[in-house]
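To start, the structure itself, in structure tokens.
The values are calculated or read from the model by the stated rules, or taken from the named source; none is laboratory data. Not measured: the values here are computed from a predicted model. Reconstructed Cβ throughout: ideal geometry from the backbone, glycine too, with neighbour counts over all protein chains shown. Just the protein is used for accessible areas: all its heavy atoms, side chains included, with ligands, DNA and RNA removed. Shrake-Rupley method; radii C 1.70, N 1.55, O 1.52, S 1.80 Å.
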Amino acid sequence: MQQFNAKYQDQISGVLNGFDRLVFRGSLRRLNYGQWDQGLSAMVARGMEAYLWQNQILFKDYAEYVKGASERLKRASLQPFEEQQLPVVFLQSASVDKEELARRMAVEKKIGNGLVCAISALEPSPTFEHRGTHIIRRQRPCHVLYQYQIHAEVGWMYARIQTWFPFNIQVGLNGREWLARQMDRQGLKYRQQGNCFVWIEDYGQAQELMNQQLKLDWAELLNGFARQLNPVHESLFERYPTSYYWTCYQSEWATDIVFREGAFLKRLMPLLVRHGLLSYSSADVMRYFGRKVNQSGAIPANFHGTLETDLKRRPEGERVKYRMNGNSAKFYDKAYSRWGNVLRGAETTLNTVADFRVYRAKEGGPEEDLRWRRMRKGIADLHRRAEVSQKANERLLNALASVDDSRSVEELTAEIQKHTIWGGRRVRGLRPWAEDKELLAAINHGEFLINGFRNRDIQKLLYAAEAESPVERRRRSGAISRKLRLLRAHGMAQKVPRTHRYQVTEAGRAILIAVLITARTTVHQLNQLCQAA
């Protein structure tokens with residue numbers, strides 16, 4: 001990201017990094033655990049059965065009991081809205097935008113703080129059902145209740161509870177809304193447009209406040225929303241105590257770059273969009289999902305899906321998005337105003353976090369047993385999620401920084417084509433348009449943008465078939481190790497500490513894009529670019 005900021009420092013008035021949209025989910029794990037039953041061809045809800053046993057409720061009385069519990073919850077949850085004479089709306093159509101409806105009510109009622117409205121609806125939800133001698137899990141339409149409010153700490157938000165067992169909860173809030181509340185408390189002046197800031201009096205101070213989000217006691221905050229949604233939780237679970245386990249279902253980590261001149265950003269955006277679309281081929285896009293392509297690199301004829309790089313034209317401007325295994329990174333121009341103009345230079349959305357690693361102890365294991373393990377959705381790994389997202393943003397922005405570079409491709413690649421000394425040994429120069437072209441294309445794959453690559457990842461890309469013997473596997477591993485050493489010697493890649501993974505360096509990313517784009521560019525495209533210039 002430093003490359004991008006340094007390149008346009010005369011035009012940039014400030015930068016802000018941090019969470020944008022956050023969606024948390026809470027579940028009662030003690031109530032939700034189950035066991036598959038082959039005879040029933042269903043998941044037996046052992047947790048719910050234990051709850052009924054502890055409360056001396058017969059399975060045959062399950063439906064009547066949970067209906068009464070649901071009514072108690074709804075009455076208690078809606079009581080504050082009725083006391084304050086706030087709107088309580090039941091939606092019969094799923095097509096109604098609940099967020100827009102709630103915001104309209106806030107404007108009509110002139111609500112600046114506190115509860116705004118409650119919206120109820122029927123939505124497909126996981127729940128339980130009595131079948132024979134068991135309680136089983138099933139999916140069915142359940143009554144859900146949304147509470148919209150302008151919270152004193154986090155600003156505009158919603159919290160939703162499934163009013164039928166197992167009382168699953170979802171909480172949606174925005175990191176920029178949270179920051180606005182903190183800046184109000186500090187007396188820091190700003191101009192907000194939608195969920196971004198077009199001007200902030202002191203960006204350094206604002207970033208310090210934004211960083212405090214990662215130090216929040218998220219469990220305490222979310223448990224407070226849970227108590228508000230279900231005031232009768234303690235009485236319902238008096239004989240079968242259980243508490244919510246919180247996960248981050250979805251997170252957006254955004255880097256906003258505020259330009260002084262709107263005209264400058266509008267001139268820059270088409271160049272960034274063109275650059276972003278030309279950086280990766282269609283075959284690269286398919287590999288984001290782990291889909292195989294033909295040995296020639298062509299897209300298989302039986303592929304009928306959607307590619308992972310796309311361009312979307314919006315009223316505000318254009319957006320380029322890259323998708324990978326349910327996660328995505330994108331950039332777009334977000335706002336134009338007389339106070340400032342916002343380029344959301346990078347926004348990483350994480351839905352599937354198992355692809356990433358966190359240095360932690362095993363859940364339930366000894367605390368000193370620290371290893372790189374799969375990232376969890378639980379809020380305990382929220383800090384690492386932020387680190388991964390920020391690194392992804394930085395890599396995307398550094399890649400964009402090479403757009404319209406004043407240096408020629410020859411100048412960019414001159415040094416890597418010369419031999420060098422690394423580790424006391426002579427290392428040959430790279431041959432980017434000859435035998436090393438496939439290697440450079442391999443490490444530039446989109447699936448390595450966030451999490452890096454390993455020796456075996458590169459083997460899969462450079463060898464068409466699996467190794468037929470252990471000897472061949474060792475030979476290939478050694479050959480790739482030498483190639484990785486070559487990349488490291490020329491500053492194209494660096495090793496991730498305490499792992500077997502490597503990442504492309506900032507300087508390497510600029511060289512990769514220059515080499516691969518020129519290799520893919522046709523004479524016709526060059527003629528068009530010359531005419532446009």
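Where residues in region 6-60 are surrounded by 15 or more Cβ atoms within 10 Å (Cβ to Cβ) and among the polar types (S, T, N, Q), which of them is nearest to E129 (Cα to Cα)?
Applying the filter and picking the extreme gives N32.
Do we find a residue being more than 19 Å from A514 (Cβ to Cβ), open to solvent by 50 Å² or more (accessible area, probe 1.4 Å) and not β-branched (V, I, T) anywhere in region 401-413?
Let us first name the residues in region 401-413 that are more than 19 Å from A514 (Cβ to Cβ), namely none.
For region 401-413, residues more than 19 Å from A514 (Cβ to Cβ), open to solvent by 50 Å² or more (accessible area, probe 1.4 Å) and not β-branched (V, I, T): absent.
Any chance region 190-208 includes a residue that's farther than 30 Å from G47 by Cβ, at pLDDT below 95 and among the acidic types (D, E)?
Taking every residue of region 190-208 in turn, none turns out to be farther than 30 Å from G47 by Cβ, at pLDDT below 95 and among the acidic types (D, E).
How many residues are assigned to a loop (DSSP other than H, G, I, E, B) and surrounded by 17 or more Cβ atoms within 10 Å (Cβ to Cβ) if we restrict to region 189-232? Don't jump to the end; show me each part of the working.
As a first pass, look at region 189-232 and keep what is assigned to a loop (DSSP other than H, G, I, E, B): 189, 194-195, 201-202, 216-217, 230-232.
Retained after the next criterion (residues that are surrounded by 17 or more Cβ atoms within 10 Å (Cβ to Cβ)): 195, 230.
Number of matching residues: 2.
For E83, only one of the following conditions fails: (1) open to solvent by 60 Å² or more (accessible area, probe 1.4 Å); (2) within 18 Å of M157 (Cβ to Cβ). What is its number?
(2) is the only condition that E83 fails.
Counting residues that are surrounded by 12 or more Cβ atoms within 10 Å (Cβ to Cβ), which strands (runs of 3 or more DSSP E) fully inside region 422-533 reach at least 2? Break it down into steps so the answer makes sense when it comes.
Numbers: elements: 425-427, 493-495, 502-504.
Correct list: 493-495, 502-504.
Residue-by-condition table, conditions (1) of a type in the set (A, V, I, L, M, F, W, C); (2) closer than 21 Å to L396 by Cα:
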{"residue": "R428", "(1), (2)": "no, no"}
{"residue": "A441", "(1), (2)": "yes, yes"}
{"residue": "L449", "(1), (2)": "yes, yes"}
{"residue": "G452", "(1), (2)": "no, yes"}
{"residue": "L487", "(1), (2)": "yes, yes"}
{"residue": "Q494", "(1), (2)": "no, yes"}
{"residue": "A514", "(1), (2)": "yes, yes"}
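For residues in region 132-158 being among the aromatic types (F, W, Y) and in contact with a Phe, Trp or Tyr (Cβ under 6 Å, 6 or more places away or on another chain), which is nearest to W53 (Cα to Cα)?
If we take residues in region 132-158 being among the aromatic types (F, W, Y) and in contact with a Phe, Trp or Tyr (Cβ under 6 Å, 6 or more places away or on another chain), then Y146 is nearest to W53 (Cα to Cα).
Collect the residues in region 342-397 that are assigned to a strand (DSSP E or B) and either loosely packed, with under 12 Cβ neighbours inside 10 Å or over 18 Å from the mean Cα position of the chain (by Cα) (or both), keeping them in residue-number order.
Within region 342-397, V342, L343, Y359, R360, A361, L370, R371, W372, R373 qualify.
Considering only residues that are outside any strand (DSSP E or B) and touching a residue at least 12 places away in the same chain (Cβ under 8 Å), which ones fall in region 248-267?
Matches in region 248-267: R260, E261, G262, F264, L265, K266.
Looking at L439, L430, L461, can you tell me which residue is closer than 30 Å to Y359 by Cβ and touching a residue at least 40 places away in the same chain (Cβ under 8 Å)?
The conditions single out L439.
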